[in-house]
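Scroll down for the structure; my scribbles are underneath it.
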Amino acid sequence: MDAPRCIVVALLALVLLPVGGCGDSGSGRDQLTWLDTPEVVVPPTLKTDRILRGDVRNDSGDPIRIEAAKIRVYDDRGHRVKAAATFAAGYLHSLYPPTRGPATLPDSELERLGKLVVIEPGKTAHFTVSWREPRGGRTAARIDYGSGSLRIEPEGKDGRVKQY
């Protein structure tokens, strides 16, 4: 094989190599784990809405950086479900007015607002995700945070779902 062709083949091999990021930190387990069974709240007038609250721990050997806007929820058939996430434990407002301030907020402000979290190895963070259950007997089953995923337990487990 001539030199230019060898270079192309080598570059293609590098591009096509499998890249980690499906929850495996090299240890055979997801990087984040639930500390306890997360609580799911079902609002009284919105029976298909779900609000999941829980704490997660970083079981990897590296810090994990997660942007709330990049959190994805998937149903039990692998279809994406529209969702919203935050790492804040309660309501917070920005230090900057919505019409003024920096073009992009600094990481410290994003962390304070719950829009970004960096979880050091062995440390924990509060995590809240909301979604609307899909139609057709499907149910939300997995929260993808980019470098891994967290399982959403099926409803009906005692103590997991609170209906108000």
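The values are calculated or read from the model by the stated rules, or taken from the named source; none is laboratory data. Predicted model, so just to flag it, every value in this text is computed and none were measured. When we count neighbours, we look across all protein chains shown, and the Cβ atoms used for this are built from the backbone with ideal geometry, even at glycine. Please note that ligands, DNA and RNA were not included when accessible areas were found on the heavy atoms of the full protein model with its side chains. Shrake-Rupley method; radii C 1.70, N 1.55, O 1.52, S 1.80 Å.
Quick one: count up the residues across the range 80-100 that are modelled with pLDDT under 90, more than 19 Å from residue 55 (Cα to Cα) and open to solvent by 70 Å² or more (accessible area, probe 1.4 Å).
6
When you scan the range 69-79, do you find a residue that is without any contact (Cβ under 8 Å) to a residue 12 or more places away in the chain and within 21 Å of residue 31 (Cα to Cα), even just one? Reasoning before the result, please.
So in the range 69-79, the residues without any contact (Cβ under 8 Å) to a residue 12 or more places away in the chain come out as 78.
This time we only want the ones that are within 21 Å of residue 31 (Cα to Cα), so: 78.
The answer is yes; a qualifying residue exists.
Quick grid of which residues meet (1) touching a Pro at 6+ places or on another chain (Cβ under 8 Å); (2) exposed (fewer than 13 other Cβ atoms within 10 Å of the Cβ); (3) free of Cβ contacts under 8 Å to residues at least 60 places away in the same chain:
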| residue | (1), (2), (3) |
| --- | --- |
| 66 | no, no, no |
| 102 | no, yes, yes |
| 114 | no, no, yes |
| 133 | no, no, no |
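Just checking, which of 125, 84 is part of a strand (DSSP E or B), in contact with a Lys or Arg (Cβ under 9 Å, 6 or more places away or on another chain) and within 25 Å of residue 37 (Cα to Cα)? Steps first, answer last, please.
On the way: 84 fails: in contact with a Lys or Arg (Cβ under 9 Å, 6 or more places away or on another chain).
Residue meeting the stated conditions: 125.
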